[in-house]
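Contents: one structure, followed by commentary.
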Amino acid sequence: MIICRAPINIAIIKYWGKLEGFESENVANNPSLSVTLDIDHVFTETKVHVSPGDGQVLFKLNNTLQEPTKRMKKVLSKFPTHEKKIFIESVNNFPTGAGMASSASGMAALVLALDKALNTNYEGKALCEIARLGSGSACRSVYGGFVEWNGNSVEQVFTANHWPELRCLLLITNGEEKRFPSTTAMQTTVETSDLYSLRREIAIKRIGCLKRSIEEKDFSSFAKICMQESNQLHALCLDSFPPIHYLNDKAFAIMDRIHEMNRECTIAAYTFDAGPNAFIFCLEENLFKVREGLRGFGEMIECRVGDGPIVTCTD
């Protein structure tokens, strides 16, 4: 038995939409850049037990037995499982399917656990490619720190300890599963949004600016790009037809509160993925002030920038 734990990552430059002709491989239409959060606070833990068999796969998610998904089967097809019985047990210590990157941490943990359990010894690049088949953003959770994903290339651009003062508060406003699955929502945006044709060019421009802000530890610049990117993602969703809406009243109130706190000096930045739960970035020196300013909006979990997946048990 192998037990692996993988962190979530939150994209600052967002992945939304797949490259035409490469949809089945989850190749993104535009580059993205994410922050891997520390594995001590928010993670997926996956156990893989291998025994002799005929290729049967049993899967439990959050203690509930269910059929392996199509995405899992894509991942499993890259491993020698035909003469094995595979039992997979995966648990998230945070809301699943609620726009908090559970698919990214889940697939990253699964790929590493299978690699160790089946002794395939894939390199980092191969692990990224396999994880991407299960969930596009999972390729970023294979690495720690600040990670850029561009086409088939995934690389760590800054280590987890590059900016030790940076903090992220996860603010959970609604832990229920999101109404619009990301894969179908992306496709709707690609097919119907008039604004989407501008997306790739804007992302390329912003990713260069973002890397400079991280390199220079310029929080004001980082925060502006972070919030603009979040706003554009949800503008694209609303420009889709029929419209896709992930944010709730609390999410909009959080956005307003952040801008109020930043009136004199930029001390915090919000970003939302495909859900109403907020990721709030700030520097350690402003952490207490930001926490107090957001008290009452929901459960808060404090994170740092972290490293990639780890093996926690081999038996």
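For this structure, a couple of remarks:
- All positions within the stretch 210-227 that are crowded, with 16+ Cβ neighbours inside 10 Å and either over 14 Å from TRP163 (Cβ atoms) or among the small types (Gly, Ala, Ser) (or both): SER213, SER221, ALA223, LYS224, ILE225, MET227
- Among the residues of the stretch 183-242, those identified as of a type in the set (Ser, Thr, Tyr) and closer than 16 Å to PHE281 by Cβ are SER213, SER220, SER221, SER230.
- Residues satisfying the stated conditions in the stretch 285-306, i.e. in a strand (DSSP E or B), out of contact with any Leu (no Cβ under 7 Å at 6 or more places or on another chain) and crowded, with 17+ Cβ neighbours inside 10 Å: ARG304
- Verdict on LEU247 being under 21 Å from the mean Cα position of the chain (by Cα) and not in a helix (DSSP H, G or I): yes
- Summed over the stretch 4-24, residues that are over 16 Å from GLN232 (Cβ atoms) and either open to solvent by less than 20 Å² (accessible area, probe 1.4 Å) or among the small types (Gly, Ala, Ser) (or both) total 7.
- Meets criteria (assigned to a helix (DSSP H, G or I), modelled with pLDDT of 95 or more and closer than 21 Å to LEU127 by Cα) for VAL75: yes
- The criterion of at least 2 residues that are surrounded by fewer than 19 Cβ atoms within 10 Å (Cβ to Cβ) is met by the following helices (runs of 4 or more DSSP H) wholly inside the stretch 105-199: 124-134, 182-192.
- When each of ALA269, ALA235 is tested for being outside any helix (DSSP H, G or I), aliphatic (A, V, I, L, M), under 22 Å from the mean Cα position of the chain (by Cα) and modelled with pLDDT of 95 or more, the lone residue that passes is ALA269.
The values are calculated or read from the model by the stated rules, or taken from the named source; none is laboratory data. Remember, it's a predicted structure, so these values are computed and weren't measured experimentally. No Cβ is skipped: glycine too gets one built from the backbone with ideal geometry, and neighbour counts run over all protein chains shown. Please note that ligands, DNA and RNA were not included when accessible areas were found on the heavy atoms of the full protein model with its side chains. Shrake-Rupley method; radii C 1.70, N 1.55, O 1.52, S 1.80 Å.
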